[in-house]
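The values are calculated or read from the model by the stated rules, or taken from the named source; none is laboratory data. Keep in mind it's a predicted model, so treat the numbers as computed, not measured. All Cβ positions, glycine included, derive from the backbone under ideal geometry; neighbour counts span all protein chains shown.
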Amino acid sequence: MQSISRKDLIRRACSFAEPFRISSGESFRLEDVDPEDTLHLEAEDKPLAKEALTMGIELLAEYQDKLYAQDSWGLLLIFQAMDAAGKDGTIKHVMSGVNPQGCQVSSFKAPTSVDLDHDYLWRCMQCLPERGRIGIFNRSYYEDTLVVRVHPELLEHQKIPPELVGKDIWKERFKDIRHFESYLSRNGIIVRKFFLHVSKKEQKRRFLERLNNPEKNWKFSAADIRERAFWEDYMAAYEDMIRHTASDEAPWYVVPANNKWFTRVAVAAAIIETLDSLNLRYPKVGEEARRELESARQALEAEKA
Ligand code: ATP
Ligand code: MG
């Protein structure tokens, strides 16, 4: 593994990301993705996978440096999942090598009264990444097609004129989101979306771990159990959302999430694949700037001390 070349690492990253990428949703079915899936990797491959992840993280840092220097493309990474699927840990691990100045994480919880005084994309628009940066959304405007769909009473809090809330509201939201993501893509803000797909059984195991381990108690909230009771509704909402919002320019990656080590490898792979496709380069210094550099060098060398 140590001797794996850069080219090989990128090739492998693409092969790990590709099986989970949904670019066209028509035939997508959530039941076709097994949360336990680790492709061909077994538990004994874990140390190798971790080593590959370490190298992948270094590669990501290099890409991000170029992204920042080039100051032209931006990257928006959206993470959606049921509770305890590992969003926080995945974001923490995968982005651990990246310069904090070039990366910003925004978490979207229940909307505030100020948020509710605006359209539902508004609060997310404030947090879009600048050119040269990576923006991470921990939850996003997709919640407005998920939790709000599972609990339609939340829609009433959104203060939308009642005549605009019809039976096609979810289809309309999907359409708005597709257009919004096209708009971003056409402006050089690349959008990649991750659904970390954990099973109901594994969620139970992780909740119990949080309850039984005092150091993890803080992660548990009674609301998590309440939402768990709506599991089937959430899965239906996720499936419909992916079917309607997966596109070539803004694909979903539906990543098996029962094995955290594998989730991290697959997510890192998808980000590497994306950044590699941009052919990022450090900007070339022009003739005039080169002359300035040369005279700066001469001035420094001429200094006495
Ligand atoms: P963690 O539990 O790891 O801290 P989290 O993302 O689950 O992270 P919470 O504070 O537990 O954070 O939950 C945020 C809650 O806010 C979720 O239940 C989510 O569904 C809800 N939420 C997010 N966006 C909206 C929205 N637009 N309308 C209503 N509820 C929302
Ligand atoms: Mg939570």
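Key figures
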| read-out | value |
| --- | --- |
| Segment 155-174 residues that are without any contact (Cβ under 8 Å) to a residue 60 or more places away in the chain and of a type in the set (D, E, K, R), paired with ones that are surrounded by fewer than 10 Cβ atoms within 10 Å (Cβ to Cβ) and outside any helix (DSSP H, G or I) (beta carbon under 9 Å, 6 or more apart) | E172/G166 |
| Test: D115 is over 23 Å from L60 (Cβ atoms), at pLDDT 95 or above and either within 16 Å of ligand 2 (Cβ to nearest atom) or assigned to a helix (DSSP H, G or I) (or both) | yes |
| Matching residues in segment 138-154 - criterion: being assigned to a helix (DSSP H, G or I) and within 8 Å of ligand 1 (Cβ to nearest atom) | Y141, E143, D144, V147, V148, L154 |
| Qualifying residue in segment 1-9 (condition: under 20 Å from D276 (Cα atoms), surrounded by fewer than 19 Cβ atoms within 10 Å (Cβ to Cβ) and among the β-branched types (V, I, T)) | yes |
| Count - residues of segment 113-149 that are of a type in the set (K, R), more than 21 Å from G188 (Cα to Cα) and crowded, with 20+ Cβ neighbours inside 10 Å | 1 |
| Candidate set from segment 72-112 (those that are part of a strand (DSSP E or B) and within 13 Å of ligand 1 (Cβ to nearest atom)); member that is surrounded by the most Cβ atoms within 10 Å (Cβ to Cβ) | F79 |
| Pick from segment 193-225, criterion away from ligand 2 (no atom under 13 Å from the Cβ), in a helix (DSSP H, G or I) and of a type in the set (S, T, N, Q), ranking: modelled with the highest pLDDT | N212 |
| Close pairs from segment 56-81: first free of Cβ contacts under 8 Å to residues at least 60 places away in the same chain, partner surrounded by fewer than 19 Cβ atoms within 10 Å (Cβ to Cβ) and of a type in the set (S, T, Y), Cβ under 7 Å, at least 6 apart | none |
| Among (1) surrounded by 13 or more Cβ atoms within 10 Å (Cβ to Cβ); (2) assigned to a loop (DSSP other than H, G, I, E, B); (3) of a type in the set (S, T, N, Q), the one test that S24 misses | (1) |
| Test: I190 is modelled with pLDDT of 95 or more and surrounded by 20 or more Cβ atoms within 10 Å (Cβ to Cβ) | yes |
